[in-house]
Each structure stands twice: as C-alpha cells, then as structure tokens.
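Engineer: Can you keep this structure in mind? I'll have questions shortly.
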Amino acid sequence: MRPAPTPFPLLTAADDAPVDQGRRAALVRQLRARGIADERVLTAVGAVPRHLFFDPGLASQAYQDKAFPIGAGQTISQPYTVAYQSALLGVKPHERVLEVGTGSGYQACVLVALGADVHSVELEPSLSARARRLLARLGARAALYVGDGAAGLPEAAPFAGILVTAGARTVPPALLRQLGVGGRLVVPVGPSDGEQRMHRIVRESATEFRQEIFEAFRFVPLRGSSAGAQPNSERIGGTNRM
Ligand code: SAH
C-alpha cells in the first residue's frame, strides 16, 4: 500500500510550536494511561494540532483532557472520547467514513490522520463554516456538508464507518442502511438529559447487524427531524433481521 501522505500539509512550524507539541505528547501519555490502547489512534491524536481549534485565549488549555465550548451551544469533544470512539470505529486507511456532527472539525481531523476518506455533516452552518476554514488552513482533506446528519449522506454511501458525535435517543435507521457490509456504526445512545451508552453496530451481511454496548458518556443532543424523534422500527441487536 502506498504510504499515507502527511495529513496536514499546510500546517506550519509557527502554527505548531514545541510547547504545543510537548503538551500534545503529554495528552497522548494521559490517554494511554486511561486505557486507550490503539496505537494508530494515539498516533493520530498526537498528529492533530488541537490548540488551533480553540480561541487564542483558550489555546493553552487545548491539551487538557476536557470538552470545551465552541460556540452555538456546542462543544469540542473530550480527547478521551474522541480517541475512544475512533478506536471503536477501527478505521483503516482509505476507508470511507461519515462523521455526524462536525462541530469544530477536530474529530474529523483525527479521522483524516487515520488515513480515512472523511465525509462530515454538521447541522449548524456557522460551525461548519468555521471548521471548513480551519481544515483548509491545515490542508486537511475532508468533505464537509451542512444538513441533518441523522439522515446520513445517501449520495456518498455506503460507508465503512459512521461515527456520531452527538447523543441519539435511538439509533437513526438511515445510518444503518448506509453502512456497507462489514461497516461499523459508533453512536452514543440514551436520553438527551442523561447519560448515553456508546453503541457499536457492525453490519455483518445485507440483513444482519450485531450490536455491542460500551461505556457511558454525556454528549450534546443529536437534533434534527430524523434524529430519533420517531420510534426506531428496525430491530437490531443479536443477529436480528431487518
Ligand atoms: N465532533 C465534534 C464535536 C461535536 S459536538 C468535534 O470534534 O468538535 C456535536 C455536534 O453535532 C454539534 O456541533 C452539533 O451542532 C452537531 N449536531 C447535532 N445534531 C446534528 C444533526 N442531526 N446533524 C448534524 N450535526 C448535528
């Protein structure tokens, strides 16, 4: 396989000073200590200049393992959560991945650093525009869209991986349909005013899905008309047929 090109060809030395690199290396050590064992994911987190996703006044806090406000009532996910979801997604180079909830664009950049062909949908146009400017500044190759990601992105389907970075009340059925066979959907599921459990649903065949449930997290809610407002009529879990 050809070597992955550098994920951020336009990132300059001035934009990523030794102090930033040092803080980032410390963050990676912290994630490893917290149990993130996927070396490719740790390398990807170690490659993304998270401080550039923050307002200059907050940049010194960018490598704390915390979520932060990014405007429009939304947050940039905690690095542990980004690493955890990325590891569950198990994305390999050149695989096509859909992210629902671009937000700051940070998670999208981690997926780019993993070598994925990244498509990311954001409901809030102002956040998408800001992420677009930042990804352009880094030279990161990802396709960004504005819309309701709970409906997926039929024009780019099927996906080898779908990563939802907002909490869904139920698994959006459109996302199941847009998984290729062997594809993984990683989505936090639970009430919007409480905790969500991380779910991974693997499409085993055209008709069979296998569901696994992991740790609890707190995400901002998945919004939009397709965002689980309807009861999920498609049965998943075990090897139920749809
Ligand atoms: N992945 C982001 C974190 C995003 S927070 C990052 O790395 O910074 C969740 C995001 O999901 C918010 O930006 C919110 O506006 C967005 N969102 C919520 N519901 C959505 C929907 N139905 N479709 C697309 N984006 C949605």
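Derivation of every value follows stated rules applied to the coordinates shown; laboratory data play no part. Everything numeric in this text was worked out from a predicted model, so none of it was measured. We place every Cβ from the backbone using ideal geometry, glycine too, and count neighbours over all the protein chains shown.
Engineer: If a residue has to be near the ligand (Cβ under 10 Å from one of its atoms) and charged (D, E, K, R) to count, how many in segment 107-126 make the cut?
Structural biologist: Number satisfying all stated conditions: 2.
Engineer: Within segment 15-51, can you find the residues that are among the small types (Gly, Ala, Ser) and not in a helix (DSSP H, G or I)?
Structural biologist: The answer is Ala17, Gly35, Ala37, Gly46, Ala47.
Engineer: Within segment 87-112, can you find the residues that are β-branched (Val, Ile, Thr) and either more than 21 Å from Phe214 (Cα to Cα) or in a helix (DSSP H, G or I) (or both)?
Structural biologist: Within segment 87-112, Thr102, Val110, Val112 qualify.
Engineer: Scan segment 129-149 and give yes if some residue there is more than 13 Å from the ligand (Cβ to nearest atom) and of a type in the set (Asp, Glu), otherwise no.
Structural biologist: No: segment 129-149 contains no residue that is more than 13 Å from the ligand (Cβ to nearest atom) and of a type in the set (Asp, Glu).
Engineer: Counting only residues that are of a type in the set (A, V, I, L, M) and surrounded by 16 or more Cβ atoms within 10 Å (Cβ to Cβ), how many does segment 8-62 have? Don't jump to the end; show me each part of the working.
Structural biologist: Step one: filter segment 8-62 for residues of a type in the set (A, V, I, L, M), giving 10-11, 13-14, 17, 19, 25-28, 31, 33, 36-37, 41-42, 44-45, 47-48, 52, 58-59, 62.
Within this subset, residues satisfying the condition of being surrounded by 16 or more Cβ atoms within 10 Å (Cβ to Cβ) are 11, 27-28, 31, 36, 41-42, 44-45, 47-48, 52, 59, 62.
Of the residues in segment 8-62, 14 are of a type in the set (A, V, I, L, M) and surrounded by 16 or more Cβ atoms within 10 Å (Cβ to Cβ).
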